[in-house]
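Have a look at the structure below, then the notes.
The values are calculated or read from the model by the stated rules, or taken from the named source; none is laboratory data. This one's a predicted model, so the numbers in the text were calculated from it and none came from an experiment. Backbone-built Cβ (ideal geometry, glycine too); neighbour counts: all protein chains shown. Calculation scope for accessible area: heavy atoms of the full protein, side chains included, ligands and nucleic acids excluded. Shrake-Rupley method; radii C 1.70, N 1.55, O 1.52, S 1.80 Å.
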Amino acid sequence: MAGEVAAAELIGVKHLSSAEAAAEEEKLRLLREAVHALPVSAVKDLWSIGACVRCIFRLFGLHELMCSHPSLSISKWCDILEDVMRKKDGEFNEQSHQERSRETNFCKICLGILQFLYYDDTGTLLKKYSADDFAVVISELVKQQYQQIDSFSLEVSLPSVVTENDQAVWLYMKNKYRHELWFQEKAECQFISTKDIFKLLVINPLQRLLGVKSTQSSFRVRLTYSHSDALTRDDVQEGNGGNKRRKTGFTGDLKTTGESVTPHVESFDSNIVDGDGLTKVCPKEAQDLSCNNLMAKLDKIGKPCSLAIHCCRSSTYIGGRYLKYSRNVSQTRWVIDDERMGEASVEEIIGGAILPIFQGDNYKFHAAGREDIDVRMLGTGRPFLVEIQNARQVPSEALIKEIEKKINSLESQYVRVKNLRAVGSQGWDLMREGEAEKQKQYAALVWISRPVSDEDLQTISSLKELKVAQKTPIRVLHRRSPLEREKIIHWMQVERVSGSSQYLLLHLCTQAGTYIKEFVHGDFGRTQPSIGSILGCRTEILQLDVTDVKMDCFQEE
């Protein structure tokens, strides 16, 4: 019965089944055995320099035992440590009352991170007593902002001073205890970093609270710790007698690797990663780091870290094809000298309908090519992608159908969409695949300076795979490089326009990137040949429509 009570107290649960109580009692026994094996002198030493109880446990390689009890408060860990140490050394009890007061402050090594002590974004100092309590803060934030997630990736960024503290303490312990058997057998190979212990403590409770697994996921929970009162690199270098450290290019930017996000830092030494992916610290040089020296460094830090919690989802992509029926609607928002060009844009009509439904932060519009504002997009439509940044709503087939219906029922009827679907980042591959080789079909209303003859119609229709050299058109020369491009006109067909002898309807299929307007009128000789040069007269294009974009992506299934 006593064992059940002890086990219940250990995990903060009043009622346990016999099997659960037995399992927790066994964990408690293993925990006490592990603590009993710790050297009293080293524990006192670490406590005297301001290490919290979780740092003490991790410095002795007891991370698995710590992480198996995420609901255990830091005061309970202190009780267990003191109880065992007191039995081994009667003097420990006297010291413990003084050192326990440190727990009301913060750890000078992990800067309060493993105590779950931090300033929030309002500058309020908060403390959570267990990993479970801290995980609740994160899970509530996730649930408030996101309706559904299927997995998550936990990313943690710590200030460089925490890494420096970890390695300085390790050097101090190595210099002082390297000849002792307990250090040679255990501590030297089991030192775990603050960051790794923090993630191990938090991930399991967070998985339980969110009901999903932690893995490499499109949904990321990013915890960014910062510290304005941390040791400067000059302080550390001066304290080490001017010894230089290897630089790894600290820029303050975050570097994402796997599930972690770490700042580039200057380090005392090289890091070794074990088979479990935990970072072990193995300094190359046993520098002379005394207790007074270490204390002087740590005492320069006067407050815990600040914590910013940010959740975000990787971009969500919706692909499809759009049709544009107006000659006064641009593809993207077009403003010149603060004056808007056109009545609307395809980008705003489609993106504006998608963003509110997906509850994203912003959107970007991408299309396979573009047409001028005065050119309609007809036929099967032009492939496009809308990239929704940090969407709170997960796309479903029903939701996407709702978006398509919403856009197609707009009163303006400038733009319609078809074949909308959710796609991953592979949507880019679909858009790029064959894009350089894709063909486009057009219908152009053309005026010529003399009556159209049957011979003219035959001449134009007979041309196949016509190579055309086009210099950058004058109308876009201000924003595009002055190059000459070779394009191919695959075929052309011509129809007379009834009631007029000087108008014709030109249907043509061309290589992507061909300037159709310039191919008709010649652009003062910058396009050769042109319809004008072929017919030997002046020609002008009056209206132009894109009738087909021959690409496989986002076609009818």
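Which residue out of V202, V212 is at pLDDT 90 or above, assigned to a loop (DSSP other than H, G, I, E, B), open to solvent by less than 30 Å² (accessible area, probe 1.4 Å) and of a type in the set (A, V, I, L, M, F, W, C)?
Every option except V212 fails the conditions.
Just to check your reading of the model, which residue among R485, R479 is without any contact (Cβ under 8 Å) to a residue 60 or more places away in the chain and either within 30 Å of V394 (Cβ to Cβ) or over 36 Å from the mean Cα position of the chain (by Cα) (or both)?
Going through R485, R479 in turn, the sole match is R485.
Would you point out the residue of the stretch 341-377, among those that are assigned to a helix (DSSP H, G or I) and of a type in the set (D, E, K, R), that is farthest from E411 (Cα to Cα)?
E347
Can you find a residue in the stretch 498-517 that is in contact (Cβ under 8 Å) with a residue 24 or more places away in the chain, open to solvent by 60 Å² or more (accessible area, probe 1.4 Å) and in a strand (DSSP E or B)?
Yes.
In the set I534, I488, which member is more than 14 Å from Q441 (Cβ to Cβ) and touching a Leu at 6+ places or on another chain (Cβ under 8 Å)?
From the options I534, I488, the qualifying one is I534.
Would you confirm whether any residue within the stretch 374-387 is among the basic types (K, R) and closer than 20 Å to Y146 by Cβ?
No, every residue in the stretch 374-387 fails to be among the basic types (K, R) and closer than 20 Å to Y146 by Cβ.
Please find, within the stretch 294-309, the residue that is most open to solvent (accessible area, probe 1.4 Å) out of those that are under 33 Å from the mean Cα position of the chain (by Cα) and farther than 21 Å from Q148 by Cα.
Filtering first and then ranking leaves K303.
T380 - would you say it is within 22 Å of W428 (Cβ to Cβ), in a loop (DSSP other than H, G, I, E, B) and either open to solvent by 30 Å² or more (accessible area, probe 1.4 Å) or at pLDDT 90 or above (or both)?
no
I'm trying to understand the selection: among the residues of the stretch 470-481, which are open to solvent by 30 Å² or more (accessible area, probe 1.4 Å) and part of a strand (DSSP E or B)? Please lay out each step first, then the result.
At the first step, the residues of the stretch 470-481 found to be open to solvent by 30 Å² or more (accessible area, probe 1.4 Å) are 471, 474-475, 477-481.
K471, the sole residue that qualifies.
Could you please find all residues in the stretch 522-555 being surrounded by 20 or more Cβ atoms within 10 Å (Cβ to Cβ) and of a type in the set (A, V, I, L, M)?
I531, L535, L544, V546, V549, M551
For P451, which of the numbered conditions (1) closer than 20 Å to K517 by Cβ; (2) in a loop (DSSP other than H, G, I, E, B); (3) not charged (D, E, K, R) fails to hold?
(1)
Go through (1) in contact (Cβ under 8 Å) with a residue 24 or more places away in the chain; (2) more than 29 Å from the chain's Cα centre (by Cα); (3) open to solvent by less than 60 Å² (accessible area, probe 1.4 Å) and name the single condition N408 misses.
So the condition that N408 fails would be (1).
Just to be sure I understand, how many residues within the stretch 455-485 are within 14 Å of I534 (Cα to Cα) and not hydrophobic (A, V, I, L, M, F, W, C)?
Of the residues in the stretch 455-485, 8 are within 14 Å of I534 (Cα to Cα) and not hydrophobic (A, V, I, L, M, F, W, C).
Which is at pLDDT below 90 and among the hydroxyl-bearing types (S, T, Y), of S218, S153, S139, S157?
On inspection, the qualifying residue turns out to be S218.
Return the residues of the stretch 468-480 that are under 11 Å from T527 (Cβ atoms) and not charged (D, E, K, R); say none if nothing qualifies.
Residues satisfying the conditions are V468, A469, Q470, T472, P473, I474.
For residues that are within 27 Å of the chain's Cα centre (by Cα), of a type in the set (A, V, I, L, M, F, W, C) and open to solvent by 30 Å² or more (accessible area, probe 1.4 Å), tally how many sit in the stretch 310-356.
Of the residues in the stretch 310-356, 1 are within 27 Å of the chain's Cα centre (by Cα), of a type in the set (A, V, I, L, M, F, W, C) and open to solvent by 30 Å² or more (accessible area, probe 1.4 Å).
Spot the failing condition for D374; the list is (1) farther than 14 Å from D545 by Cβ; (2) surrounded by fewer than 18 Cβ atoms within 10 Å (Cβ to Cβ); (3) of a type in the set (D, E), and only one is missed.
With (1) farther than 14 Å from D545 by Cβ; (2) surrounded by fewer than 18 Cβ atoms within 10 Å (Cβ to Cβ); (3) of a type in the set (D, E) applied to D374, the lone miss is (1).
Being under 17 Å from V53 (Cα atoms) and open to solvent by less than 10 Å² (accessible area, probe 1.4 Å), is that true of even one residue in the stretch 143-163?
Yes, there is a match, as at least one residue in the stretch 143-163 is under 17 Å from V53 (Cα atoms) and open to solvent by less than 10 Å² (accessible area, probe 1.4 Å).
Give the stretch 329-340 a look and list any residue that's assigned to a strand (DSSP E or B) and touching a residue at least 24 places away in the same chain (Cβ under 8 Å), or say none. Don't jump to the end; show me each part of the working.
From the stretch 329-340, those assigned to a strand (DSSP E or B) are 329-330, 335-336, 339-340; that's our starting set.
Correct list: V329, S330.
Regarding D429, is this residue modelled with pLDDT under 95, open to solvent by less than 70 Å² (accessible area, probe 1.4 Å) and assigned to a helix (DSSP H, G or I)?
Considered against the rule, which asks whether it is modelled with pLDDT under 95, open to solvent by less than 70 Å² (accessible area, probe 1.4 Å) and assigned to a helix (DSSP H, G or I), D429 comes out as no.
Restricting attention to the stretch 510-533, does a residue exist that is touching a Phe, Trp or Tyr at 6+ places or on another chain (Cβ under 8 Å) and small (G, A, S)?
Looking through the stretch 510-533, at least one residue is touching a Phe, Trp or Tyr at 6+ places or on another chain (Cβ under 8 Å) and small (G, A, S).
Among E465, E484, E455, which is the only one that is under 16 Å from G522 (Cα atoms) and open to solvent by 30 Å² or more (accessible area, probe 1.4 Å)?
E484
On the given criteria, is L445 modelled with pLDDT of 95 or more, in a strand (DSSP E or B) and either in contact with a strand residue (DSSP E or B) (Cβ under 6 Å, 6 or more places away or on another chain) or surrounded by fewer than 18 Cβ atoms within 10 Å (Cβ to Cβ) (or both)?
Yes; evaluated as a whole, the condition is true for this residue.
Checking the conditions here, which among I407, I400 is assigned to a helix (DSSP H, G or I) and closer than 21 Å to Y325 by Cα?
On the way: I400 fails: closer than 21 Å to Y325 by Cα.
Answer to the check: I407.
If you go through the stretch 130-167, how many residues are in a helix (DSSP H, G or I), within 23 Å of P70 (Cβ to Cβ) and in contact with a strand residue (DSSP E or B) (Cβ under 7 Å, 6 or more places away or on another chain)? Talk me through it step by step, then tell me what you get.
If we filter the stretch 130-167 for residues that are in a helix (DSSP H, G or I), which is where we start, we get 131-145, 160-167.
If we keep only those that are within 23 Å of P70 (Cβ to Cβ) too, we end up with 131-144, 162, 166.
Pick out the ones that are also in contact with a strand residue (DSSP E or B) (Cβ under 7 Å, 6 or more places away or on another chain) and you get 138, 141-142, 166.
Residues in the stretch 130-167 being in a helix (DSSP H, G or I), within 23 Å of P70 (Cβ to Cβ) and in contact with a strand residue (DSSP E or B) (Cβ under 7 Å, 6 or more places away or on another chain): 4 in total.
Confirm whether V386 is β-branched (V, I, T), at pLDDT 95 or above, buried (at least 16 other Cβ atoms within 10 Å of the Cβ) and more than 30 Å from F198 (Cα to Cα).
The answer is no for V386.
Which one of E26, E20, E82, E9 is at pLDDT 70 or above and surrounded by fewer than 20 Cβ atoms within 10 Å (Cβ to Cβ)?
E26
All but one of (1) under 19 Å from L111 (Cα atoms); (2) surrounded by fewer than 17 Cβ atoms within 10 Å (Cβ to Cβ) hold for D166; which doesn't?
(2)
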